[in-house]
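Notes follow once the structure below has been shown.
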Amino acid sequence: MVNITLLDGKKISFSEKVTGLDIAKKISTSLAKKALVIKVDNHLKDLSSEISKDATVEIITEEDDRGLEVIRHDTAHILAMAVQELFSDTQVTIGPVIENGFYYDFSRKKPFTEDDLEKIEKKMLEIISRNEITTREVWDRKKAIDHFKKIGEHYKAEIIESIPKNEEISIYYHGKWHDLCRGPHLSSTGKISKAFKLTKIAGAYWRGDSKNEMLQRIYGTSWRSKDELDDYLKRLEEAEKRDHRKLGKVLDFFHFQEESPGSVFWHEKGWQLFQSLIDFMRHQQLISGYKEINTPEILDKSLWEKSGHWEKFQEHMYTTTTPDERVFAIKPMNCPGCVQVFNQGLKSYRDLPLKLSEFGRVHRYETSGSLHGLMRVRSFTQDDAHIFCTENQITEETLKVTKLILGIYKAFGFENVLLKYSDRPAKRVGDDRLWDKAEKALLEAVKATKLKYSINKGEGAFYGPKIEFVLKDSIGRDWQCGTLQVDFNLPQRLEAFYVDQDGIKKHPVMLHRALFGSLERFIGILIENYAGKLPSWLSPVQVAVLPISENFDNYAKKISNELNKNKIRNIIDLKSEKINYKVREHSISKIPYLMICGAQEEKDNSVTIRKLGDEKQETLSIHKAMDLMMKDCSVPTIQELSH
RNA sequence: GCCCCCAUAGUUAAGCGGCAUAACAAGUCCAUGGUAAGGAUUAGUGAGAAGUUCAAUUCUUCUUGGGGGCACCA
């Protein structure tokens with residue numbers, strides 16, 4: 001007697017062992033048709049797997065996301081199958097499910113081409129049509145290793161060797177083709193959705209290690225139906241339209257060029273945006289008790305040796321030798337410079353916490369392949385600050401920083417923020433006792449924020465553990481922006497002291513923190529988040545003044561002057577084009593307000609305002625128009641933005 | 001850094017082993033206008049280096065930069 005409990009609590013009894021399919025059939029024939037896999041006591045299993053003792057069973061169909069994942073996994077399998085049918089010189093390795101699809105890594109001397117992808121897709125469709133039956137076998141470990149070695153599948157043999165001893169080695173057959181796999185799988189290839197597409201070819205290291213061979217990865221996406229697939233492809237297209245590199249060019253914000261790979265040439269408009277963000281941040285920091293400083297870009301090698309950067313960070317550092325043969329480094333971080341400012345004049349415990357902020361431009365040599373528009377550059381500006389405090393102040397100061405960060409992100413509409421806590425890396429400076437202390441203090445502070453956090457082992461900075469503030473952008477990518485690090489090391493190495501209550505000189509603790517992280521990256525994220533349609537306070541040009549014809553140029557100039565007086569960033573378009581043309585042009589360049597000046601307006605000292613995205617217009621007196629602009633275009637505070 | 005792909009006018013693209021195209025943008029002229037492109041006209045182009053060839057923008061090699069990934073990371 002086998003008693004099966006279904007998810008809704010209903011029980012079905014069978015006189016002997018049953019398969020998942022039997023159970024589905026018992027419930028309804030339509031369910032049996034739709035069933036893909038089953039979940040037995042929390043383990044996903046094949047539909048054909050036998051259940052011989054009482055269990056809780058869930059029948060999973062394609063409507064379930066877990067069902068879709070199984071479909072994707074199967075699609076990855078037939079991708080491998082198709083590739084091996086077409087290209088016999090190919091070894092298979094791994095092929096997992098990822099967000100929206102799957103990939104499979106292959107080892108083959110000759111690279112796959114775009115044309116190959118089409119051939120492979122055709123072959124995959126053929127395999128689905130052949131409706132090959134899936135069977136599962138459990139093999140002896142040694143037999144499996146020998147077998148895969150014999151047929152030249154050395155990667156598979158290596159995988160089996162690394163499977164924990166207590167796990168069984170399961171082999172799946174789809175017709176004659178077979179692969180090592182944990183499963184579960186659909187009962188035949190005919191059940192696989194035809195709504196898939198192979199999307200790209202890429203290189204990927206075996207086991208993700210750059211020391212290993214580079215394999216060829218084929219990515220694919222797969223969905224329940226053609227409609228879902230088309231939807232997905234459309235979403236990708238939409239995301240592409242928001243690409244900050246494209247918009248940055250169209251909106252005339254910035255450019256890159258060969259002579260300085262990974263460094264931004266900011267154009268007038270992009271730089272204005274940059275300055276608006278700094279204004280915003282400067283004001284917030286002032287309210288929060290920070291003092292702004294600025295330190296040199298180039299500092300003698302000896303200081304970097306002292307701080308530990310020379311030893312631990314050199315691969316990212318630009319250096320320069322002067323005609324007198326002194327070696328300098330261009331700063332990759334602001335901290336050593338900041339400590340020099342702290343060290344001027346003896347500090348008392350009464351001065352702590354001392355918060356020194358700096359909009360510091362740092363240079364880091366990054367590998368060429370990692371560069372990506374504004375998101376990953378070689379020269380960037382941090383909204384950096386170093387908080388010198390006592391051990392007892394760490395938690396409180398961390399909470400203050402967190403609050404400030406969340407407030408600032410929220411002001412831009414980023415409400416989805418995660419924390420990542422990273423502890424000591426292999427490459428580090430300082431005594432492990434100090435690390436124990438720093439990690440404990442920071443982890444406590446993380447817990448005190450009551451935010452969701454994940455732990456990244458060994459990913460801290462070389463001088464201290466860190467938390468990272470990760471936000472999601474409009475196309476679902478995670479970006480690390482803010483960061484906070486607890487540092488007991490640099491104050492010692494760079495001889496920072498304060499005099500405590502008891503009259504004894506002690507080292508302060510340093511909290512390194514950045515909120516936007518990199519201004520450059522943050523701007524990239526903002527452009528994509530707003531699809532280029534920046535809120536008016538950030539928009540580089542806030543108003544375009546458009547005369548209806550040349551006859552009203554002078555009146556338009558008067559309006560423009562009025563805007564200038566009120567510090568509203570505006571342009572005036574005196575081109576001899578029709579108003580239709582001008583409205584179109586400036587709408588495309590995403591200027592928040594258009595002010596139209598014609599006979600009517602000149603007559604009663606007014607302007608007609610058209611807001612970006614609206615079709616209606618409103619005629620206001622100059623006075624009222626200026627009030628509206630000043631209200632909507634000035635740099636706000638967090639408090640104003642958050643409602 | 002590694003694998004694959006790409007490089008044509010200010011921008012987006014087309015094309016060809018033998019005069020290099022189009023659209024938009026820019027300039028000039030006409031039109032003087034009321035909310036997403038008025039008309040005419042002018043000028044402007046194959047990343048860099050080497051090779052094959054009678055002839056290279058086109059084929060080959062290298063360099064540089066860019067893109068998609070991997071690795072690395074703010």
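The values are calculated or read from the model by the stated rules, or taken from the named source; none is laboratory data. Only a predicted model underlies this, so the values are computations on that prediction, with no experimental measurement involved. Cβ placement follows ideal geometry from the backbone for every residue including glycine, while neighbour counts extend to all protein chains displayed. Please note that ligands, DNA and RNA were not included when accessible areas were found on the heavy atoms of the full protein model with its side chains. Shrake-Rupley method; radii C 1.70, N 1.55, O 1.52, S 1.80 Å.
Expressed as a whole percent, the accessible area of the stretch A:1-143 that falls on carbon and sulfur atoms is 49 (1.4 Å probe). 3J(HN,Hα) along the stretch A:374-385, derived from phi through the Karplus expression 6.51 cos²θ - 1.76 cosθ + 1.60 where θ = phi - 60°, amounts to 7, 6, 9, 10, 9, 9, 8, 10, 9, 8, 8, 7 Hz, with x in place of Gly and Pro. Sorting A:632-639, A:73-80 by average packing, meaning the other beta carbons within 10 Å per residue, from highest down gives A:73-80, A:632-639. Each Lys and Arg adds +1 at its Cβ and each Asp and Glu adds -1 at its Cβ; summed about the Cα centre, chain A shows a dipole of about 480 debye. Per residue, the stretch A:42-165 exposes 52 Å² of solvent-accessible protein surface, assessed with a 1.4 angstrom probe and all protein chains in place.
Rolling a 1.4 Å probe across the protein heavy atoms gives the stretch A:288-362 an accessible surface of 50 Å² per residue. Projecting label points 7 angstrom from Cα along Cα→Cβ for A:Lys440 and A:Asp300 puts them 3.9 nm apart.
Subtracting the Cα-Cα distance of A:Ala531 and A:Asp500 from their residue separation scaled by 0.36 nm leaves 6.0 nm. Beta-bridge orientation, the stretch A:2-61: approximately 85 percent antiparallel, per DSSP, counting only bridges with both partners inside. If only the Cβ of Lys and Arg carry +1 and only the Cβ of Asp and Glu carry -1, the dipole of the stretch A:305-348 around its Cα centre is close to 260 debye. Of all lysines in the structure, the ones whose alpha carbon falls short of 20 Å from that of A:Lys420, not counting any fewer than 8 places away in one chain, are A:Lys400, A:Lys403, A:Lys410, A:Lys437, A:Lys440, A:Lys447, A:Lys450, A:Lys452, A:Lys457, A:Lys466, A:Lys472.
What number results when the radius of gyration of chain A, computed over Cα atoms, is divided by 2.2 N^0.38 Å?
1.22
In terms of the mean number of neighbouring beta-carbon atoms within 10 Å, the peptides A:518-526, A:27-35, A:238-246 order highest first as A:518-526, A:238-246, A:27-35.
For A:Asp383, the residues 5 or more places off, or on other chains, whose built amide H falls under 5 Å of its own are A:Leu515, A:Phe516, A:Gly517, A:Leu519. When you count the other C-beta atoms within 10 angstrom of each residue and take the mean per peptide, A:383-393, A:115-125 line up highest first as A:383-393, A:115-125. Please work out the Cα center distance from the stretch A:321-361 to the stretch A:87-155, rounded to the nearest Å. Each part's Cα centre sits 56 Å from the other's. Structural descriptor for the stretch A:543-641: relative contact order 27 percent, calculated from alpha carbon pairs under 8 angstrom and at least 6 residues apart.
Residue-wise HN-Hα couplings along the stretch A:533-545, as the Karplus relation 6.51 cos²θ - 1.76 cosθ + 1.60 with θ = phi - 60° gives them from phi, are 8, 5, x, 4, 5, 9, 4, x, 10, 8, 9, 10, 9 Hz; Gly and Pro carry x. Close amide-amide hydrogen proximity is noted between A:Ile98 and A:Tyr103, each under 5 Å apart and 5 or more residues distant or on a separate chain (H modeled in the peptide plane; Pro and chain starts excluded). Rounded to the nearest 10 degrees, the angle from helix A:65-86 to the longest Cα principal axis of chain A is 70 degrees. Length available on full extension from A:Met630 to A:Gln492: 0.36 nm per residue minus the Cα-Cα distance, which gives 44.8 nm.
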